Each structure stands twice: as structure tokens, then as C-alpha cells.
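Below is one structure; the comments refer to it alone.
The values are calculated or read from the model by the stated rules, or taken from the named source; none is laboratory data. Every value quoted in this text rests on a predicted model; they were computed, and no experiment measured them. When we count neighbours, we look across all protein chains shown, and the Cβ atoms used for this are built from the backbone with ideal geometry, even at glycine. To get the accessible areas, we keep the full protein, side chains included, count just its heavy atoms, and leave off ligands, DNA and RNA. Shrake-Rupley method; radii C 1.70, N 1.55, O 1.52, S 1.80 Å.
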Amino acid sequence: MAATNHFMELALAEARSAGERGEVPIGAVVVLDGKIIARAGNRTRELNDVTAHAEIVAIRLACEELSQERLAGADLYVTLEPCTMCAAAISFARIRRLYYGAEDPKGGGVDNGVRFYQQPTCHHAPEVYSGLGEISSAEILRRFFQAKRSED
Ligand SMILES: [Zn+2]
């Protein structure tokens with residue numbers, strides 16, 4: 001399935017710029033009422049912060065932008081299946097819908113790994129839609145790691 005949409009395209013653009021900065025190329029966009037509230041790519045290297053995944057950075061920016069603690073009613077678009085940490089942050093932020101691109105069998109926490117939203121300790125689960133822009137998302141990651149390997 002190659003389906004994508006405008007917001008996922010922007011998330012993919014954020015992923016590409018993250019890759020150009022030497023970060024793992026993952027991008028995220030927060031949308032509320034059809035309006036983009038925040039967009040971000042991974043910044044773990046730049047900030048020396050293991051929690052600076054695209055989703056977390058985008059959620060922080062969106063909360064700052066709206067001056068509120070949570071993002072009820074907002075949707076999050078991210079190019080790769082969120083890890084467990086981000087899945088939890090998305091839940092805590094009360095995100096309404098999560099759209100992600102490629103699945104991440106190695107590090108994902110939504111449809112792989114702990115499947116956070118299916119646990120009784122998860123008190124808010126977003127609606128999850130996967131596969132949006134997954135081919136581009138996987139391709140960006142594949143190229144990044146291929147280039148990285150050839151540097152070593
Ligand atoms: Zn994450």
C-alpha cells in the first residue's frame with residue numbers, strides 16, 4: 001500500500017532533514033483541526049538526549065505552541081511505528097489518532113514488542129492507522145543505514 005497524504009508527506013520531509021543532520025531519519029507532525037501545530041525530526045544527537053525522538057519533540061513543541069499539557073483531539077503522523085517510550089508519550093498526551101508509516105518489528109511498541117495500547121496499564125489508546133507512506137518511510141531509513149554502513 002503506497003497511500004499517503006499531505007501530513008505524512010510533511011513527516012517524511014522532516015525525516016529526510018533529520019537524516020541530513022546525521023540523525024536517524026524519522027519525522028513527526030502534530031495536527032489539530034486540520035492545522036499543523038508542530039513538526040519535528042529526531043534530535044537525539046544534536047541535543048544529546050535519548051528521549052528526543054521525533055514524536056516526543058513534536059509533542060513538546062505542540063504543547064508549547066498551545067500552552068497546554070495535553071493534546072486531546074490532536075492527531076500525530078510519524079514515519080515509523082513509535083517505540084515504547086513514544087507510544088506511552090502519545091497516550092499520555094491524549095492524542096486522538098496515530099498515523100504511522102512503516103512497521104518497526106525491532107523497536108516498535110504499538111503493533112510489535114509490548115503493544116502498549118493493548119495493555120491494561122494503558123489508560124488512553126489512540127486510534128491507530130498504519131501503512132501510510134510506509135514505502136517512502138522504509139526507503140529513507142534503508143538508505144540512511146546503508147550510507148552509514150559504507151562510512152564505517
Ligand atoms: Zn520513540
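Quick notes
- Number of the exception - ARG16 against (1) open to solvent by 10 Å² or more (accessible area, probe 1.4 Å); (2) more than 12 Å from the ligand (Cβ to nearest atom); (3) without any contact (Cβ under 8 Å) to a residue 24 or more places away in the chain: (3)
- Residue in the stretch 90-106 that is nearest to MET8 (Cα to Cα), counting only those that are within 13 Å of the ligand (Cβ to nearest atom) and within 11 Å of the chain's Cα centre (by Cα): TYR100
- Against the numbered list (1) touching a strand residue (DSSP E or B) at 6+ places or on another chain (Cβ under 6 Å); (2) at positive phi, ARG115 comes up short only at (1).
- Against the conditions (1) modelled with pLDDT of 95 or more; (2) open to solvent by 30 Å² or more (accessible area, probe 1.4 Å), THR4 satisfies every one except (1).
- Residue within the stretch 21-32 that is aliphatic (A, V, I, L, M), away from the ligand (no atom under 16 Å from the Cβ) and either farther than 20 Å from ARG96 by Cβ or not in a strand (DSSP E or B) (or both) present: no
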